[in-house]
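Worksheet: the structure to be examined is printed underneath.
The values are calculated or read from the model by the stated rules, or taken from the named source; none is laboratory data. Keep in mind it's a predicted model, so treat the numbers as computed, not measured. As a convention, Cβ positions derive from the backbone with ideal geometry for all residues, glycine included, and neighbour counts pool all protein chains shown. Ligands, DNA and RNA are excluded from the accessible area calculation, which covers all protein heavy atoms including side chains. Shrake-Rupley method; radii C 1.70, N 1.55, O 1.52, S 1.80 Å.
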Amino acid sequence: MDISRITPEDCEEAKNLVLEGFRERFGWIDETLNPDIKDVAASYDGVDNHFFVGSDGYGIVCTGALKKHGASTYEIVRMSVRSDMRSKGLGRTMLRHLEDTAKSLKAVKLILETNRAWDNAVGFYKSSGFVITGENETQYYFEKILTGSSQTSSVSS
């Protein structure tokens, strides 16, 4: 899988992959939510906010994004893997890429949130070194302190 920054040509396919994941999880999509993926190119400028796609030669198979939250914290959002490509390590590869990118941007902490009912996502983040720092009726809030240097390499711009 090749991970690259999103291009204008990728925006619609990436948006559809993320929305299809929501449809699969919830059974419906509220079009008024998720304004950042209505115009991915405008929401993820490549300066403070970064959107990446993983492709396999036939199309986009996963997505992941970073949103800046202060001088040294980034939030991981829009992690999605196409349903027929799950359990192949693509999500873990994307997550490692996001961590390495955050390190290269001088981040010391990553945060994220996920739905409490998504047991596989909760387990995935826990097994990747994230710890739960809060919760409410529907969400878990995670963080991970970053250590070591960036290892980002095979990324196309």
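The slack between residue 137 and residue 5, meaning 0.36 nm per residue of separation minus the straight C-alpha distance, is 44.1 nm.
Here the simple spin-label model places points 7 Å from the Cα toward Cβ, and for residue 96 and residue 16 these points are separated by 3.0 nm. At q = 0.24 Å⁻¹ the log10 of I(q)/I(0) for the stretch 52-130 amounts to -1.21, computed by Debye summation with a single uniform scatterer per C-alpha, solvent ignored.
Taking label points 7 Å from Cα along the Cα-to-Cβ direction, residue 58 and residue 73 give a separation of 4.1 nm. Computed with a 1.4 Å probe over protein heavy atoms only, the accessible surface of the chain comes to 54 Å² per residue. Dividing the C-alpha radius of gyration of the stretch 40-89 by 2.2 N^0.38 Å, with N its residue count, gives 1.29. Across the stretch 133-139, rounded Karplus estimates of 3J(HN,Hα) from the backbone phi angles (6.51 cos²θ - 1.76 cosθ + 1.60, θ = phi - 60°) give 10, x, 7, 9, 4, 10, 10 Hz, Gly and Pro being marked x. In this structure, residue 84 and residue 29 have a Cβ-Cβ separation that, at R0 = 22 Å, corresponds to a calculated FRET efficiency of about 0.70. Within the full protein context, the accessible area of residue 104 is estimated at about 60 Å² for a probe radius of 1.4 Å. Less than 20 Å apart at the alpha-carbon level, and either on another chain or at least 8 residues along: which aspartates and glutamates does that give for residue 103? Within reach: 2, 45, 48, 75, 113, 143. Reported value for the stretch 1-84: 100 Å³ per residue, from the convex hull of its C-alpha atoms.
Net charge around residue 12, counting only other residues with Cβ within less than 14 Å of its Cβ (Lys, Arg = +1; Asp, Glu = -1)? Here the count lands on -3.
Amide hydrogen proximity for residue 146: with H placed 1.01 Å from N in the peptide plane, the residues at 5 or more positions away or on another chain lying under 5 Å are 109, 110. 3J(HN,Hα) along the stretch 48-65: 9, 10, 10, 10, 10, 10, x, 10, 10, x, 10, x, 6, 10, 7, 9, x, 9 Hz, from the Karplus curve 6.51 cos²θ - 1.76 cosθ + 1.60 with θ = phi - 60°, whole Hz, x for Gly and Pro. Ligands, DNA and RNA left out, the accessible area of the stretch 28-157 computed with a 1.4 Å probe is 49% carbon and sulfur.
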